[in-house]
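The values are calculated or read from the model by the stated rules, or taken from the named source; none is laboratory data. From a predicted model like this one, the values you see are computed outputs, not experimental measurements. Neighbour counts are summed over all protein chains in view; Cβ atoms, including those assigned to glycine, are modelled from backbone coordinates with ideal geometry. Each accessible area value is taken on the protein alone, full model and side chains, heavy atoms only, with ligands, DNA and RNA left out. Shrake-Rupley method; radii C 1.70, N 1.55, O 1.52, S 1.80 Å.
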Amino acid sequence: MKNRYLACPLAAATALALAGCGMLPGGGQTKTVNIWLMRDSASEDFLTRFTEAYEEEHDGVELNITIQDWTGIGKKVTEAITGSGGPDVIEVGNTQVAQYADTDKLYDLTLESVRDLGSEDWLPGLAQPGSIGGSQYGIPWYAANRIVIYNKDLFRDAGIDKPPATRAEWLADTEKLNRGGSQGIYLAGQDWYTLSGFIWDEGGELAVDKGGEWTGTLGSPAALRGMKFYKDLQSLGTGPKNADEQNPPQADVFAKGDVAQIIATTSAVAPILKANPGLKDKLGYFAIPGKKAGQPCAVFTGGSDLIIPENAPERGAALEVVKALAGEKWQTELARTMGYVPNKKSLASAVSGQEATAVMAAAAVRGRATPNSPQWANVEADNPIKPFMTAVLQGEDPAEAAEKASAEITDTLAE
């Protein structure tokens with residue numbers, strides 16, 4: 001589906017139909033920057049405002065935005081960047097940059113990152129996966145990370161008047177909340193993104209790169225400590241041990257009103273309130289607590305980066321579009337419109353008036369990304385971390401289960 005957010009001027013329709021919005025009577029040639037964005041990343045209203053403003057400020061430049069679906073996008077992007085001249089700007093998932101950079105077909109944006117875009121202030125969970133071999137190929141666009149969404153009424157009924165400051169306090173409070181027919185927390189057994197944060201908070205990793213060879217590390221002492229905390233927390237609710245947070249959707253479970261907490265991004269709020277509008281004034285939010293007070297837990301940062309293919313027909317004009325989308329003005333607009341975390345720590349104040357998003361932005365300073373291997377997408381496709389988690393939650397030896405899962409990660413990353 002192609003969405004042209006600002007059409008060619010109606011008065012010149014005949015001429016433009018012949019020239020394809022190219023040579024205008026009495027003027028120069030119009031440059032058309034073709035942009036691929038993912039469905040639901042930005043609202044139509046935002047894209048209309050951006051397109052109109054950008055074209056007004058950049059005479060002779062026209063933006064042509066095509067909306068893509070996430071399903072099957074990997075193959076489509078790879079074909080576009082390795083072809084004869086595809087789109088000029090492409091939105092990709094932040095953890096996908098490595099696989100596209102592995103084609104050697106992305107434009108190196110390191111200079112622009114430092115000179116024009118203030119890369120030193122970017123959120124690490126967005127910036128790190130866009131950096132491959134010391135070069136910046138992905139420009140952070142927006143972020144989202146998990147926080148705790150809680151039921152204020154259930155907290156009050158349990159005598160808890162403020163969010164926990166540490167993981168130890170969180171466990172104690174959750175145990176208090178697990179009473180009277182209510183679950184202290186609904187945490188599915190295979191929510192591996194949440195587990196990743198606990199592992200990172202302990203100083204562990206999912207996999208490490210040693211001289212160009214990746215090795216799965218779920219069996220390290222730090223990773224096993226993270227899994228133990230996950231098990232302790234998960235036991236204080238009735239979440240399934242053999243399913244992830246989408247089966248069933250945890251927002252639907254929380255909406256029933258007898259669950260005190262879930263761990264989710266702010267995107268869960270809308271479906272919660274749709275299922276149970278009565279919870280509108282009962283929702284509270286806090287960052288996932290860390291081991292120490294005053295320092296939130298490490299969290300997985302999801303979101304998108306912007307890339308420019310080497311074969312971009314309008315690469316110079318594309319660079320200016322990326323600078324605008326990643327710059328302060330439109331980062332602020334996007335964050336406020338969509339409830340995202342802006343790409344810079346210094347822009348967190350842009351969402352200070354949106355409670356849930358403000359909490360998410362505060363937690364994002366400890367954001368992390370998955371291992372920066374071009375093969376990591378293959379690990380997630382047949383994810384061995386999920387059965388590892390289920391095995392531990394069902395009582396199997398953690399070290400043995402971790403050894404098996406780590407071996408599978410190692411084999412996949414070596415492909």
Please verify whether region 65-73 includes one or more residues that are open to solvent by less than 50 Å² (accessible area, probe 1.4 Å), closer than 12 Å to I308 by Cα and either in a strand (DSSP E or B) or not basic (K, R) (or both).
-> no
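Conditions tested, residue by residue: (1) modelled with pLDDT of 95 or more; (2) farther than 17 Å from A391 by Cα; (3) not aliphatic (A, V, I, L, M).
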residue	(1), (2), (3)
K176	yes, yes, yes
G203	yes, yes, yes
A207	yes, yes, no
T217	yes, no, yes
A223	yes, no, no
M227	yes, no, no
D232	yes, no, yes
Enumerate the pairs (first residue in region 291-318 and farther than 20 Å from D40 by Cα and open to solvent by 20 Å² or more (accessible area, probe 1.4 Å); second residue anywhere and of a type in the set (D, E) and at pLDDT 95 or above) with beta-carbon separation below 7 Å, excluding pairs fewer than 6 apart on the same chain, so at least 6 apart or on different chains.
-> K291/D201; P313/D88; E314/D88; R315/D88
Among A377, A401, which is in contact with a helix residue (DSSP H, G or I) (Cβ under 7 Å, 6 or more places away or on another chain) and surrounded by fewer than 17 Cβ atoms within 10 Å (Cβ to Cβ)?
-> A377
Out of (1) open to solvent by 30 Å² or more (accessible area, probe 1.4 Å); (2) farther than 16 Å from G303 by Cβ; (3) of a type outside the set (A, V, I, L, M), the odd one out for E112 is which?
-> (1)
Hey, any hits in region 150-162 for a residue that's touching a residue at least 60 places away in the same chain (Cβ under 8 Å), open to solvent by 10 Å² or more (accessible area, probe 1.4 Å), assigned to a loop (DSSP other than H, G, I, E, B) and in contact with a strand residue (DSSP E or B) (Cβ under 8 Å, 6 or more places away or on another chain)?
-> no
Of the residues in region 27-61, those that are of a type in the set (V, I, T) and assigned to a strand (DSSP E or B) number 4
R39 fails exactly one of (1) more than 24 Å from S135 (Cβ to Cβ); (2) more than 24 Å from the chain's Cα centre (by Cα); (3) modelled with pLDDT of 95 or more, namely (2)
Cβ-Cβ below 6 Å, separation at least six or inter-chain, first residue in region 90-113 and over 10 Å from P309 (Cα atoms), second open to solvent by less than 40 Å² (accessible area, probe 1.4 Å) and of a type in the set (D, E): which pairs?
-> V92/D305; N94/D305; V97/D305
Would you tally the residues in region 339-369 being in contact with an Asp or Glu (Cβ under 9 Å, 6 or more places away or on another chain) and not small (G, A, S)?
-> 6
Picked from region 334-352 (must be open to solvent by 60 Å² or more (accessible area, probe 1.4 Å) and assigned to a helix (DSSP H, G or I)), the residue farthest from L123 (Cα to Cα) is R336
Subset of region 133-148 (residues that are over 19 Å from A293 (Cα atoms) and in contact with a strand residue (DSSP E or B) (Cβ under 6 Å, 6 or more places away or on another chain)) = Y137, G138, I139, P140, W141, Y142, A143, A144, N145
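Residues checked against (1) crowded, with 23+ Cβ neighbours inside 10 Å; (2) touching a Cys at 6+ places or on another chain (Cβ under 6 Å); (3) within 17 Å of E403 (Cα to Cα):
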site	(1), (2), (3)
G203	no, no, no
G216	yes, no, yes
P221	no, no, yes
L224	no, no, yes
K231	no, no, no
N372 being within 18 Å of T217 (Cβ to Cβ) and either open to solvent by 30 Å² or more (accessible area, probe 1.4 Å) or in a strand (DSSP E or B) (or both) | yes
How many residues are aliphatic (A, V, I, L, M) and surrounded by fewer than 23 Cβ atoms within 10 Å (Cβ to Cβ) if we restrict to region 163-201?
-> 4
Check whether at least one residue in region 258-281 is part of a loop (DSSP other than H, G, I, E, B), in contact (Cβ under 8 Å) with a residue 40 or more places away in the chain, surrounded by fewer than 23 Cβ atoms within 10 Å (Cβ to Cβ) and of a type in the set (A, V, I, L, M), and report yes or no.
-> no
So, in region 319-333, of the ones that are in contact with a Phe, Trp or Tyr (Cβ under 7 Å, 6 or more places away or on another chain) and not aliphatic (A, V, I, L, M), which residue ends up least open to solvent (accessible area, probe 1.4 Å)?
-> W330
